[in-house]
Amino acid sequence: MNILLVDDNIYTIRALQSGINYSALGISGVYTARSMEKAIEWLKQEEIPLVLTDIEMPNGTGLQLLEWINENKPGTVTLFCTSYANFDYAKKAVELHSFDYYLKPIQYEDLQKLLEKAVEEVKKRARSREKEQYETYWNDNIRTYKSHFWEDALFWVDSYDEEELEFLAESRHLPYSREDRFTAGILRFEKEKSRMSDFPGNLERFVAGNIMTELCEHAGLRMEMFLKCRRDTWALVFSHGAQLERAQMDGMFRMLLDNLERVLQCSVSVCYAYGCTFQDVRGRYMLLEDFCREHAPRESYVVDIDRFAKRMYEMGEPGEAQRAECAIRKVKQYIDEHFCENITRDTLGEIVYLSPGYLAATFKKVIGSSLGSYIIEKRMEKAKDLLAEGNLTVSEVAFAVGYDNFTYFSRLFKNKVGIMPKEYRKGRKK
């Protein structure tokens, strides 16, 4: 840390240089100036967070120096050391937010204590600036962080454990909670038939994003993700309170279609899953993907996937339920034999010739737990057996049951079993 001593009297400067134990204050650089002009020159050249200055000086007073500091070097801690017990000076010093006002003659012990307080103020302001910079950086980038989170959660994470989303959000310091509700959606339009056919990707995202932002503000929604998946397909995730009713969400999507059709001059379709929790948002999104595989965007429509799924279930063919249960038994057997491996949703779907979304929903209905929860239950049971045997380290146990992230395995084990793996092993040894 550096300090700048400003006084037109050379003897005062020398006294301040020799009479204070700067190293004890954590000050390594002591700069001096005998005029406002020279002080400003030093402040421009060096990083000096602490200034001790006289008030009465020729060609620029200490008060004028503080005015310059406030405008050009805000956050600098400035103290006055003066012979003048002048009320107007003191009043002006307070108005300019000086840290303190010390009257000469100098008592080194008293001034040392005052400088200790000033050094602590420098550190406090530095911490405050760092916090403000971090918050500014975070606020400027949080939309990107959220988008990446939902992209990982919905597309790239080959795990069926819904609780993983809570862990993932927490590890990325995202402000989500179990009380939050989300609506996921898939928006499609035929780009080659729209006014965006010749738009570059950035301009296309800008136009569509502006429309989405305006609608979110109008409807009281928060846009968590707006991601282009394919040439004609966009994935959407909104967050909202429980007070937003399904009918309001449906109306918002219809308004979205009206605005997009007017701008794009082509058919636009949206299918959505309303009011998802962290526990079911991934499974519900898989149902949206299933629907989009089967229905090309030939015309404009808004589809509530829950109502659609209910109608399809009511219209199901005779024997469909029995076939689904048979498929689930086959999937369950496969998981029982391969649960330590990396099992993806597409792998399971291919085994029984069912779409991933339909398979996930049917498995939960028949078995009573999600695919992810079932896989993790099997892994945790195996992990408990291996820990009790004591032949493998905890890291080796984690790897043996399908986890290459030891920290995640330990956290998940505690969440499911109630204690950490090492504690479980100690308890079984007794």
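The values are calculated or read from the model by the stated rules, or taken from the named source; none is laboratory data. Model, not experiment: these values are computed from the prediction. Don't worry about glycine lacking a Cβ; one is built from the backbone with ideal geometry, like all the others, and counts go over all protein chains shown. To get the accessible areas, we keep the full protein, side chains included, count just its heavy atoms, and leave off ligands, DNA and RNA. Shrake-Rupley method; radii C 1.70, N 1.55, O 1.52, S 1.80 Å.
Select from the range 398-430 the residues that are small (Gly, Ala, Ser) and within 14 Å of GLU341 (Cα to Cα) and list them in ascending order. Can you show your working first?
Start the filter on the range 398-430 by keeping residues that are small (Gly, Ala, Ser), which leaves 398, 400, 402, 410, 418, 427.
Of everything in the range 398-430, those that are small (Gly, Ala, Ser) and within 14 Å of GLU341 (Cα to Cα) turn out to be ALA398, ALA400, GLY402.
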Where residues in the range 221-245 are touching an Asp or Glu at 6+ places or on another chain (Cβ under 6 Å) and not aliphatic (A, V, I, L, M), which of them is farthest from CYS276 (Cα to Cα)? ASP232
Of the residues in the range 183-206 that are in contact with a Lys or Arg (Cβ under 9 Å, 6 or more places away or on another chain) and of a type in the set (A, V, I, L, M, F, W, C), the one that is modelled with the highest pLDDT is ALA184
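Yes/no per residue for (1) part of a helix (DSSP H, G or I); (2) over 46 Å from the mean Cα position of the chain (by Cα); (3) of a type in the set (D, E, K, R):
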position	(1), (2), (3)
TRP42	yes, no, no
GLU56	no, yes, yes
ASN59	no, yes, no
PRO105	no, yes, no
LYS117	yes, no, yes
GLU120	yes, no, yes
ARG129	yes, no, yes
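Among residues belonging to the range 340-356 that are touching a residue at least 60 places away in the same chain (Cβ under 8 Å) and open to solvent by 30 Å² or more (accessible area, probe 1.4 Å), point out the one that is farthest from SER373 (Cα to Cα). Talk me through it step by step, then tell me what you get.
To start, the set of residues in the range 340-356 that are touching a residue at least 60 places away in the same chain (Cβ under 8 Å) comprises 340-345, 355-356.
Checking which are open to solvent by 30 Å² or more (accessible area, probe 1.4 Å) leaves us with 340-342, 345, 355.
Working: CYS340: 14, GLU341: 15, ASN342: 14, ARG345: 13, SER355: 19 Å.
Top of the filtered list is SER355.
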Members of the range 324-369 that are on the phi < 0 side of the Ramachandran plot and not in a helix (DSSP H, G or I): PHE339, CYS340, GLU341, ASN342, ILE343, THR344, LEU354, SER355, SER369
Kindly indicate the residue of the range 214-253 that is among the basic types (Lys, Arg) and within 23 Å of the chain's Cα centre (by Cα) and also most open to solvent (accessible area, probe 1.4 Å) among those meeting that condition. ARG222
